[in-house]
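Here is the structure we will look at, set down as structure tokens.
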Amino acid sequence: MLNINTKSIKSKIVLYSTLSLLMIGTLSNIFIYQYFNKILSSKVSTINNMNISNLSSQIDIRLSNLNDLTLLIVNNVSIQNIIGYEDLDNSFLKSSGIEVQNILTNYIVSSIVNQYVKKAVIFNDAGMLIESMGKESGYLNDYANITTSKNFKILSENPKQLYQMISEPVVSSGKLCMPILKPIYSLSNKYINGWLYMEIDLGIINDILDSYKSYTTLFVTTQNNNIIHSNNHYNIDYNNIIKDESNSYSDYIIKSYNLDKYNWKIYTVEKLININIESQNMLSVFYITVGISLVAGLLIFIGASNIITRPIKLLKIRIKKISSKDFSYDDETENLHGEIGEIGHVINEMASDMEKLLEQSIEMTNEKKNFEIAMLQSQVNPHFLYNTLNSIHWMATLQKNTGICRLVDALTNLLKNMAKSFSDKVTLEEELRLLDDYLTIQSIRYMESFEFVNKIEPSLYNIKIVKMTLQPLVENAIFHGIEPKGKFGTITLDSHIKDNCLFITVTDDGIGMTEDDINRLTSRKKETNKGSINGIGYYNVNLRLKLIYGDDYGLSIKSELSKYTTITIKIPIEE
């Protein structure tokens, strides 16, 4: 006896497909014969409605694109500004006029409807006029032609006539066009400073309607009953249809559809279809078709269910392996065809990414632990040092040696901050104070053989930065840049903000570095500067920033041998 598991995908596909075929065949057998003619008529009407709906949407999109273009132009600040001048009578205004002409032209060229814009002009009542560059040249009498035209008079007095006029062009070539007129307001939007006048080729609508001429006969009219387009297959007088919308043509089906947004109408004209089919032949053909379809469909669905369910089973096995932490590559799921194969490829990539993430997570955790241990090992008993330094400070004070006092104070501040966690964040102002303490010590040690220049704007001082980020980099500039040079040098600190990130540069005019030197500096984990105050070098600073902020942040280095070295810090802005 056949045992069917109704919970499997395969059995459901076969069962539901069979039931669907039986239901469709039965219902069709009952109804199709009696209502065949009605169904055909309904389908014709439905298809017609769909075509009109699509047509309406396409027209709306096309005119919306045109309207968006006009809004961009009239609301452009440069255009609003230049239109307020009576004349471009100096070099600055002439330069501004050329800039506005380029803006106007670029708006049109980059617009979806640019091929239909025959001419675009902005002008004011004082006679100042700027035309777009493009398909047609401008003429000296364009201003007079526009302002004295019927188009300007009607559209300026009645804005509701926008998209309703079809007329002869005033400043462009061709037969008919759709004139567009929109006011350009002052920058305060209180009064009209000038106008945007455009002449649009009727191809903006005709190109859409032409694609439907093989399906139906139609024409489009404006609110003023101006016919924008028609493909008259039947030689009917469309003006009579517009005047009398009742179905006075007995051999045709005439329908009208409103485009409410623009007060337009679309008329469709179709001949009545007489359907004469022999009943018996239709039934015979129908029974044979249903029977063959049922058998063939059943066989196809059984085969299709096998094709579909096999790769799904393979994917299920693969996902189970991943859940048990088996991330190994599975070429069998890669070799599946179609969308299932793509899913298999994505699952393999996901498994590989998960394995890499786990390895990276373990590696970063170990590096962070090793770094923290190294920091703890490098700490000295702070109380003993503070007490000793305090004693030296008082002895220097009693002996009136201000240089030693200043040196001891700077060293004490540095040691106090080094005794705390290096992962703490401080303001940029506090970090610069720590750097000043360090530079106080080094300037005495090197007898002022270098100059430090801070160009960071005080407005950035409240931004947070990881403590002891700048000092190791300045120390690196002294030891590897200025000191080997053997001459007086300059270390410059600068900053800028970009994409919500703070960039700080440390630049020295020392001996510079080769590519090999840069690679050694960025790759080694321990840097052996005997004079280093904390043992934190370039590599460790970069590692700390990446651990705290993420891999998108950290240090980068640029250098030219015998000229300069610049280290750039990139961190997110935090206040």
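The values are calculated or read from the model by the stated rules, or taken from the named source; none is laboratory data. Source: prediction; values computed, not measured. Note: ideal-geometry Cβ built from the backbone for every residue, glycine included; neighbour counts use all protein chains shown. Note: accessible area is taken over every heavy atom of the protein model, side chains too, but ligands, DNA and RNA are not part of it. Shrake-Rupley method; radii C 1.70, N 1.55, O 1.52, S 1.80 Å.
The figures follow:
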read-out	value
Residues (more than 37 Å from the chain's Cα centre (by Cα), open to solvent by less than 10 Å² (accessible area, probe 1.4 Å) and closer than 18 Å to GLY554 by Cα) located in the stretch 474-501	VAL474, GLU475, ALA477
Residue pairs meeting the criteria (Cβ under 7 Å; at least 6 apart or on separate chains; first touching a residue at least 40 places away in the same chain (Cβ under 8 Å), in the stretch 546-575; second crowded, with 17+ Cβ neighbours inside 10 Å and acidic (Asp, Glu))	TYR564/ASP508; TYR564/ASP509; THR565/ASP508
Residue match in the stretch 322-344 (condition: of a type in the set (Asp, Glu), in a helix (DSSP H, G or I), modelled with pLDDT under 70 and more than 30 Å from GLU359 (Cβ to Cβ))	yes
Boolean, LEU72 is at pLDDT 90 or above and not basic (Lys, Arg)	yes
Filtered residue count, the stretch 447-473, keeping only those that are surrounded by fewer than 15 Cβ atoms within 10 Å (Cβ to Cβ) and of a type in the set (Phe, Trp, Tyr)	1
Matching residues in the stretch 123-151 - criterion: being open to solvent by less than 20 Å² (accessible area, probe 1.4 Å), polar (S, T, N, Q) and farther than 23 Å from SER64 by Cα	ASN124, SER149
Candidate set from the stretch 425-446 (those that are surrounded by fewer than 19 Cβ atoms within 10 Å (Cβ to Cβ) and at pLDDT below 85); member that is nearest to LYS485 (Cα to Cα)	TYR446
Of residues in the stretch 502-516 being of a type in the set (Asp, Glu) and surrounded by fewer than 17 Cβ atoms within 10 Å (Cβ to Cβ), the one farthest from GLU575 (Cα to Cα)	ASP516
Subset of the stretch 104-122 [open to solvent by less than 50 Å² (accessible area, probe 1.4 Å) and either among the aliphatic types (A, V, I, L, M) or out of contact with any Gly (no Cβ under 6 Å at 6 or more places or on another chain) (or both)]	LEU104, THR105, ILE108, SER111, VAL113, VAL117, LYS118, LYS119, ALA120, VAL121, ILE122
Subset of the stretch 163-188 that is more than 17 Å from ILE122 (Cα to Cα) and open to solvent by 30 Å² or more (accessible area, probe 1.4 Å) - its residue that is nearest to the chain's Cα centre (by Cα)	SER188
Residue ID - farthest from LEU493 (Cα to Cα), chosen from residues in the stretch 541-575 that are touching a Lys or Arg at 6+ places or on another chain (Cβ under 7 Å) and open to solvent by less than 40 Å² (accessible area, probe 1.4 Å)	GLY554
Single condition ASN151 does not satisfy, out of (1) more than 12 Å from TYR197 (Cα to Cα); (2) at pLDDT below 90	(1)
